[in-house]
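Scroll down for the structure; my scribbles are underneath it.
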């Protein structure tokens, strides 16, 4: 008969129990991880539904008769009115497409101005050495804190004396002068992240500042330029206050101002066509964000704005 020798103290090691506890701990850890992930995803889905509900309500209301829009809480119309889009498109002084084209013209000028001038100013602050550079950069950053209401009156007086009020120029010319400090700062942060070895190699090849900027910096700054373009498009397209100040005639009004024309405080508002044209106005913003989202995220991630 064989005997088993026990260790001192007469207790057998419980290695089998410890080995059995490891998988159990792993299972509990996986269960807790999955539960936490499910809770987070559920919270995010609920948050998305809360944020997207106004858009869904607007879309559903654009197909309802005006008399039922504020009576029904449901997103889905109980009675469909397909004429809201045709009525909204043709019920103003001009067809709504005219106001959309006006908005596109202003957005195009603002895009061109911000992409060119903000990139040039950003390159100057990031790469060039000149007297008072830090002071001017600080002043530029301070202008970010200035609300538009502070500068709109001097701008209006200036453009009125130049006889440019009621034209697109008051909304485009400031963009051609690098007045958007946020985009200048965005470009400065991006250009500072580009290795100086590339600039030095270009100098050895005989390139000056202009060729370095055009052939080296701009091709590498595509993410920052795309971010500038997307934000400029969204902010200019949605702008209401500046356009309300400078544009007074119906032939130069933009889409946001045209939507305001559907509202009448005395005789009532035509909500159905107004909501229908609101959906039409949102479509360009949706497409820009849909196709430019990856450039937007990449641009912000590579410019140091965390």
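Could you give the alpha-carbon Rg of the stretch 87-301 over 2.2 N^0.38 Å, rounded to two decimals?
Values: Rg = 20.3 Å, N = 215, 2.2 N^0.38 = 16.9 Å.
Against the compact-globule rule of thumb, the ratio is 1.20.
Expressed in nm to one decimal, what extension gain is obtained for the pair residue 293 and residue 138 from 0.36 nm per residue of sequence separation less their Cα-Cα distance? Write out the running numbers ahead of the final one.
Working: separation 155, 0.36 × 155 = 55.80 nm, distance 3.06 nm.
Between residue 293 and residue 138, full extension yields an extra 52.7 nm.
Obtain the nm distance between the two label points defined at residue 41 and residue 222 by a simple spin-label model: each point lies 7 Å from its Cα along the Cα-to-C-beta direction.
A separation of 3.3 nm, rounded to one decimal place.
How high is the FRET efficiency between residue 58 and residue 182 when r is their beta carbon distance and R₀ equals 35 Å, given to the nearest 0.05?
Working: r = 29 Å, r/R0 = 0.82.
Given R0 = 35 Å and the Cβ-Cβ separation, E is 0.75.
Please compute the modelled spin-label separation between residue 167 and residue 34, points set 7 Å along Cα→Cβ, answer in nm with one decimal.
Here the modelled spin labels are 6.8 nm apart.
In whole angstrom, note down how far apart the Cα centers of the stretch 217-281 and the stretch 37-90 are.
21
Listed highest first by mean packing, meaning other Cβ atoms within 10 Å per residue, what order do 72-85, 275-288, 171-184 come in? Intermediate values should be presented prior to the final figure.
On the way: 72-85: 13.2, 275-288: 17.6, 171-184: 19.8.
Packing proxy ranking, top to bottom: 171-184, 275-288, 72-85.
Whole number please: convex hull volume per residue of the Cα set in the stretch 92-211, in Å³?
On the way: hull volume 19.0 nm³, N = 120.
Here the figure is 159 Å³ per residue.
For the stretch 85-127, list residues with backbone N below 16 Å from a point placed 7 Å from the Cα of residue 209 toward its Cβ?
Those under the cut-off are 117-127.
Bear in mind these aren't lab numbers, they're just calculated from the coordinates by the rules spelled out. These numbers were taken from a predicted model, which means no experiment stands behind them. Every residue, glycine as well, gets a Cβ built from its backbone with ideal geometry; the counts of neighbours run over all protein chains shown.
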